[in-house]
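Report on the structure given below.
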Amino acid sequence: MGLHRLTSITLGVPNVKETAEYYTSFGLTPVGDGTRFATQDGGEQLKIVHSPLRRLVELGVGVDDPDDLDRVTAALARLDVTGKRDDTSLRVLDPNSNIEVVLEIAGHVEQTPAAQEPYNGPGRASRPNGRAPGVERENKVRPRKLGHVVIGSRDQEASQKFFTEGLGFKTSDHVPSLASFLRCSTDHHNILIQRAPVDFLHHTAWEVDDVDEVGRGATAMLEDHPERHVWGLGRHHIGSNFFWYLKDPAGNFSEYYSDLDCIVDDALWKPSVVEGARGIYNWGPPLPPSFITPEDLAALMTGSHSAR
Ligand SMILES: [Fe+2]
């Protein structure tokens with residue numbers, strides 16, 4: 001009962017073909033005409049369409065049944081927001097981030113458990129006489145599922161209210177200088193909305209099996225394209241995930257991540273307020289300024305003003 005996962009996103013970019021090639025290299029599986037992509041466990045989770053400026057066009061959220069749609073419709077009405085309802089979905093626009101959210105009745109993600117690999121430690125030979133499985137792998141890294149999206153909104157507080165009080169996302173942790181991390185599943189976060197001078201997509205995040213897959217995936221992406229590198233390898237403090245961020249040809253960041261905190265019992269998770277640098281990361285290379293303020297932000301602002 002209730003929201004249970006992100007289903008899919010629609011990404012608008014000026015350069016569809018190039019961007020589609022990037023996500024194929026990233027390890028997503030092209031479907032149909034090559035502008036839709038599937039993950040290993042989540043089915044079709046990405047669609048790329050043309051847009052003059054890069055942006056998140058649509059965000060899909062899975063619910064269990066029509067009662068969930070009724071409940072969200074009523075909650076949105078209390079915020080004076082009206083969506084379009086049919087038997088299996090509810091479509092509603094967040095006017096502040098300009099994202100169309102589609103709540104749809106969808107199956108849960110069933111994930112085959114990843115192998116628990118043996119790691120040696122001081123005084124603990126968990127892998128006697130053997131090399132680490134992570135260095136023996138030769139297969140292409142393929143993300144298991146879409147995990148989260150981070151967006152910028154011109155009115156962060158209003159957008160956050162839309163997602164929490166309206167749609168029913170829960171708050172996992174809060175960073176006063178940034179925003180709250182929100183979830184609609186057992187993942188620590190599925191969306192974060194940050195304050196921004198223009199609506200934009202900061203990044204999408206894709207789950208892989210473990211830290212070796214984060215490193216192997218990013219290394220393969222950078223082999224012939226060092227310009228794709230943004231930030232990594234590191235570990236976030238909030239959510240605990242290992243991360244490596246890369247940049248697609250439209251300027252959107254895409255993250256390989258693993259080992260994100262899971263909240264399987266809401267009553268046992270204590271949301272915390274995290275101040276300072278830990279709001280951004282626990283360890284990793286120095287934070288590049290372009291991670292906080294993407295290089296094309298000024299151009300996006302100019303472009304969105306002239307488009308209005
Ligand atoms: Fe992330």
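The values are calculated or read from the model by the stated rules, or taken from the named source; none is laboratory data. Because the structure is a prediction, the values reported are computed rather than measured. Cβ coordinates were reconstructed from backbone atoms using ideal geometry, including for glycine residues, and neighbour counts include every protein chain displayed. The area values use the complete protein model at the heavy-atom level, side chains included, leaving out ligands, DNA and RNA. Shrake-Rupley method; radii C 1.70, N 1.55, O 1.52, S 1.80 Å.
A 1.4 Å probe run over the protein chains yields, for the chain, 47 Å² of accessible area per residue, whole-number rounding.
Segment R278..A158, full-extension length gain: 40.7 nm, with 0.36 nm per residue of separation and the alpha-carbon distance subtracted.
With an a/c value of 1.5 or above and a/b not larger than b/c for the gyration tensor axes a ≥ b ≥ c computed over the alpha-carbon atoms, the stretch 174-308 is described as oblate. Taking amide hydrogens as placed 1.01 Å from N in the peptide plane, the amide H of L6 sits under 5 Å from those of G62, each at least 5 positions away in sequence or on another chain.
Taking the Cβ of P271 as the center, what net charge do the other residues with Cβ under 11 Å away carry, scoring Lys and Arg +1 and Asp and Glu -1?
Details: positive: K170, R183, K270; negative: D173, D266.
So the environment of P271 carries a net charge of +1.
Residues whose amide H lies under 5 Å from that of H148, counting only those 5 or more places away or on a different chain, are A205; hydrogens are built 1.01 Å from N in the peptide plane. Approximating the spin labels as points 7 Å out from Cα along Cα→Cβ, the K17-to-E223 distance works out to 2.4 nm. Scalar couplings 3J(HN,Hα) for the stretch 48-56, obtained by applying the Karplus form with A = 6.51, B = -1.76, C = 1.60 to θ = phi - 60°, are 10, 10, 7, 8, x, 10, 5, 6, 7 Hz; x denotes Gly and Pro. Which entries in K84/K140; K161/K270; K47/K140; K140/K270 show an alpha-carbon gap greater than 30 Å? The answer is K84/K140; K140/K270.
Could you tell me the calculated FRET efficiency between N139 and E104, based on Cβ-Cβ distance and R0 = 30 angstrom, to the nearest 0.05? Between N139 and E104 the formula returns 0.40.
Surface composition of the stretch 1-121: carbon plus sulfur atoms contribute 50% of the solvent-accessible area (1.4 Å probe, protein chains only, all chains present).
In order along the stretch 137-154, the Karplus-derived 3J(HN,Hα) couplings, from 6.51 cos²θ - 1.76 cosθ + 1.60 at θ = phi - 60°, round to 5, 10, 6, 6, 6, 10, x, 6, 6, 6, x, 7, 10, 10, 10, x, 10, 5 Hz, and Gly and Pro are given as x.
With a cap of 12 neighbouring Cβ atoms within 10 Å, and only residues DSSP puts in a loop, list the trypsin sites (Lys or Arg not before Pro) found in the stretch 131-176.
Passing sites in the stretch 131-176 are R131, K140.
Counting pairs of alpha carbon atoms under 8 Å apart in space and at least six apart in sequence, what relative contact order in percent does the chain give? Taking the mean separation of contacting Cα pairs over the length of the chain, I get 17 percent. Within the chain, antiparallel bridges make up roughly 70 percent of the DSSP beta bridges whose residues both belong there.
Checking the a/c ratio against 1.5 first, then a/b against b/c, what shape does the Cα gyration tensor give for the stretch 269-308?
oblate
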